[in-house]
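The values are calculated or read from the model by the stated rules, or taken from the named source; none is laboratory data. Predicted, not measured: the structure shown is a model, and the values here were computed from it. Note that we place each Cβ from the backbone using ideal geometry, even for glycine, and neighbour counts take in every protein chain shown. The area values use the complete protein model at the heavy-atom level, side chains included, leaving out ligands, DNA and RNA. Shrake-Rupley method; radii C 1.70, N 1.55, O 1.52, S 1.80 Å.
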Amino acid sequence: MSEPGGLQGTGTAPVLDKSTDSTDSTDSTDNTGGTGGTGNADDVGGVDRGQGGGTGSAGHRFWSARRVPAAVVAALLAGVAGVFLYDVVAVRAHRPAMAWRRGLARQLAERPLDDIWVLVGAGIAAALGLWLIVLAVTPGLRDVLPMRRTHPDVRAGLHRGAAALVLRDRAMEVAGVQSARVRAGRRRADVRAVSHFRDLDDVREDLEAVLADAVRGLGLTRPPALSVHVRRPGKKG
């Protein structure tokens, strides 16, 4: 359970991405109601592939740079290409080919296509290829929620943790709420509160009203739907 607390020390501030041709570096808007702080999109490994601008325009998700998969694939391809290049140069220099390459060529020539090891190798290669395709066509950075544009050259994003913290603090302001726990997703914010006095229906209505206003104040392009649950504290002992 979460207890009341401020916004200090979260380390999850809105993410900003400015176009290179922007001439105004000071025009920005903070819609988080006190989360504070900004950072470049490169701080979270993201690049901007969104289009459009202006207030209220449809926002696109931030795209991840995919540094780790790209580095792994590049290292593997470089290593395999280097080994094959060395072997080809050795053969051209009238030296025998490496034993593993002769064995691999023989195995590929002799094994039928329905051999178990051929099928396993083909399955692994297909899985790796599918994984790379998924990484190439999906944005990534699921923890960054895009915010509405108030300047055509600036894109802002809010971390899920910061959004959840704002909603939790607003929920703690409702009379009767003893503790609250919030999980903010891209499509839904799940709020679970414990009320130690007042009628549960009244507390739920107040929470829905306060949190709906808080969600609008976050300035997200696609505000998440609210799911509010209120219960009594569990019996001690």
- Under a 1.4 Å probe, counting only protein heavy atoms, Phe197 has an accessible area in Å², nearest 10, of 100
- Message: With the crude spin-label approximation of a point 7 Å out along Cα→Cβ, what separation in nm comes out for Val83 versus Val68?
- Response: 2.4
- Measure off 7 Å from each Cα along the Cα-to-Cβ vector at His229 and Val120, then give the distance between these two points in nanometres to one decimal. 4.4
- Query: Spin-label point model (7 Å from Cα, Cβ direction): what's the Arg101 to Leu130 distance in nm?
  - Reply: 3.3
- Note on the structure: With every protein chain kept in place and a 1.4 Å probe, the stretch 101-237 has an accessible area per residue in Å² of 59
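Can you order the peptides 200-212, 160-172 by their average number of other Cβ atoms within 10 Å per residue, highest first? Spell out each step's value before the answer.
On the way: 200-212: 16.7, 160-172: 21.7.
Order by mean packing, descending: 160-172, 200-212.
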